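Please read the structure below before turning to the comments.
The values are calculated or read from the model by the stated rules, or taken from the named source; none is laboratory data. Just so you know, these numbers come straight off a predicted model, no measurement behind them. FYI the Cβ positions are ideal-geometry reconstructions off the backbone, even for glycines, and counts take in every protein chain you see. What goes into the accessible areas is simple: the full protein's heavy atoms, side chains included, and nothing from ligands, DNA or RNA. Shrake-Rupley method; radii C 1.70, N 1.55, O 1.52, S 1.80 Å.
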Amino acid sequence: MKARTWAALAALAVVSAGGIIGWRAMREDNGEAAVGGVVPAPLETTVGEGRFRLGPDTAIAAGPGTADVAGYLSEVLGDLPLREDGQITLALSPDPAVGDEGYQLDITSGGIALRAKTPAGLFHGVQTLRQLGRDAFGVRRIVDRPRFGYRGVMLDVARHFFPVADVKRVIDLAALLKLNHLHLHLTDDQGWRIAVSTWPRLTAYGAGTEVGDGPGGFYSQDDYREIVTYAQERFITVVPEVDLPGHTNAALASYPELTCDGQAPPRYTGIEVGFSSLCAGNEVTYRFLDDVFGELAKLTPGPYLHLGGDEAKTTNPHDYAAIVERAEDIVRAHGKTAIGWHEIADADLHPSTVVQFWGVSPDAPEVAAAAARGNRIVLSPANRVYLDMKYDPHTALGLSWAGYVPVPDAYDWDPGHYLSGVDEAAVLGVEAPLWTETVRTLDDVEFLAMPRLAVLAELGWASADHHDWSDLRGRLAAQQPLWTSLGINFYRAPEVPWPDQS
Ligand code: NGO
């Protein structure tokens with residue numbers, strides 16, 4: 001295998017005939033073509049001449065510790081056999097240049113060598129390979145690693161419920177784009193979607209509604225474990241959210257003791273926000289939160305529990321801070337890190353807590369102050385990355401309270417230099433939420449998410465000096481054959497030169 005590696009390097013050296021040219025310089029020389037049709041853009045690409053073609057004897061050689069990723073690669077390339085002398089080699093090697101999630105991919109006319117420090121890195125390399133071809137791959141070397149450690153997508157399964165199979169499909173889309181977090185918005189006014197053994201009415205009653213007149217639904221703990229495992233196999237961390245103290249009508253309707261006046265409200269199927277609240281003065285509120293977060297903590301291997309915190313319009317500021325601070329303590333007592341929507345920055349937060357910005361203006365002094373106190377920030381500016389915003393006035397689905405978000409606008413910002421007074425070092429990453437007031441089916445999800453989720457992935461992964469819309473639009477267009485073969489219902493954004501429309 002070592003010999004093949006050096007052969008690969010030699011082949012590339014011949015191709016860069018102009019002498020010793022740095023990988024980066026080569027990329028610039030080759031322009032768009034050198035980046036290939038890969039989204040998100042790899043850090044460094046050097047292209048050569050020729051191709052490696054899959055043939056009847058092509059096989060995968062899985063080095064120690066790579067069997068799972070090799071199995072996945074075999075599946076996505078059409079059931080290639082695994083064999084020790086395979087031409088496609090997967091290896092774990094402690095190369096610090098690619099970090100914990102990066103990889104190096106060498107394609108020569110004789111084979112493909114993929115190596116990374118971790119299985120997650122190899123998995124990301126496989127996604128690059130999938131995008132480069134189906135049965136033939138142009139000669140190149142790619143050295144790649146992400147800009148931000150947190151790259152997420154959120155699915156609101158409360159406004160409309162989505163079964164496990166749909167969530168798995170969203171995980172697959174996320175994996176294709178090298179995202180590494182799936183945030184599930186599990187509770188809201190319209191429904192409670194996760195079984196909690198000590199509070200069974202949350203699902204027996206509180207899950208039976210959704211927006212409109214649909215039946216709702218919920219995940220049993222086994223369903224949730226199935227989602228977590230499927231995500232883990234794709235190196236994606238599930239971040240469960242229990243929204244509080246507002247957005248809690250489904251819980252209040254199920255358990256009157258959680259309200260301040262002891263009266264259960266009726267269940268709710270509209271789309272107003274900001275009318276419900278847990279009761280700060282009731283001790284039972286905290287027993288409830290301890291039970292719920294305790295069960296979720298046990299079911300969730302990832303480090304984060306999201307406690308919501310948005311739009312608590314009927315909770316007075318003192319009560320709001322009291323509930324958020326105690327909820328944060330409860331999450332921490334269960335060994336997890338809290339995340340919350342940016343309103344939680346008004347409370348006295350532990351510095352480990354992550355603040356998720358969802359505003360529409362870069363001036364958010366309370367978020368900047370939290371960052372100055374050490375809180376890391378996840379950026380979800382609604383007028384850039386909310387997947388439920390309409391593309392334009394003609395989009396049938398979606399909302400427009402944050403404006404229309406055509407694809408170029410989704411790209412037109414830099415997460416490292418976005419919020420005034422927040423340095424890139426304070427930015428943990430980016431996340432695109434998909435709220436589902438108007439979204440009922442997986443087709444709806446895909447239509448709003450694609451291609452904007454790919455744009456979000458680009459912002460989260462690609463280096464800031466790759467930022468170039470004219471380049472990205474070409475690479476988005478290049479995804480069309482793969483997206484079509486995967487049956488993805490993507491929006492044919494008019495700003496992207498899709499091959500089937502030219
Ligand atoms: C807001 C609100 C959600 C809505 C969403 C619709 C946040 C964090 N809270 O975002 O309840 O569903 O807008 O775009």
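Table for the structure above
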{"item": "Assigned charges on the beta-carbon of Lys, Arg, Asp, Glu; the chain dipole about Cα centre (debye)", "result": "1520"}
{"item": "Cα gyration tensor shape for the stretch 409-492, rounded if a/c is under 1.5, else prolate or oblate", "result": "oblate"}
{"item": "Euclidean distance of C-alpha centroids, the stretch 275-335 and the stretch 389-404, integer Å", "result": "32"}
{"item": "Ratio of Rg to Rh over the stretch 150-461 (Cα coordinates, Kirkwood Rh, two decimals)", "result": "0.93"}
{"item": "Helix-only mean residue ellipticity at 222 nm for the chain, each DSSP H run of n ≥ 4 adding -39500 (n - 2.57), per residue, nearest 500", "result": "-10000 deg cm²/dmol"}
{"item": "Heavy-atom accessible surface of the chain: percent carbon and sulfur, 1.4 Å", "result": "53"}
{"item": "Segments 274-286, 488-500 sorted - mean Cβ within 10 Å per residue, highest first", "result": "274-286, 488-500"}
{"item": "Net charge, H183 excluded, C-beta distance under 9 Å - Lys, Arg +1, Asp, Glu -1", "result": "-2"}
{"item": "Net +/- balance of residues flanking V439 in space, Cβ distance below 14 Å, scoring K and R +1, D and E -1", "result": "-4"}
{"item": "Positive minus negative residues near Y411 (Lys, Arg vs Asp, Glu; Cβ under 12 Å)", "result": "-3"}
{"item": "The stretch 53-143: chymotrypsin sites (Phe, Trp or Tyr not before Pro) falling in loop per DSSP and having at most 11 other Cβ within 10 Å", "result": "none"}
{"item": "Chymotrypsin sites (Phe, Trp or Tyr not before Pro) within the stretch 335-434: DSSP coil, no more than 11 neighbouring Cβ in 10 Å", "result": "W401"}
{"item": "Relative contact order, percent, the chain [alpha-carbon distance under 8 Å, six or more residues apart]", "result": "13"}
{"item": "Helix 283-299 vs. the chain, principal-axis angle (Cα, 0 to 90°, nearest 10)", "result": "20"}
{"item": "Beta bridge orientation in the chain: antiparallel %, DSSP, nearest 5", "result": "30"}
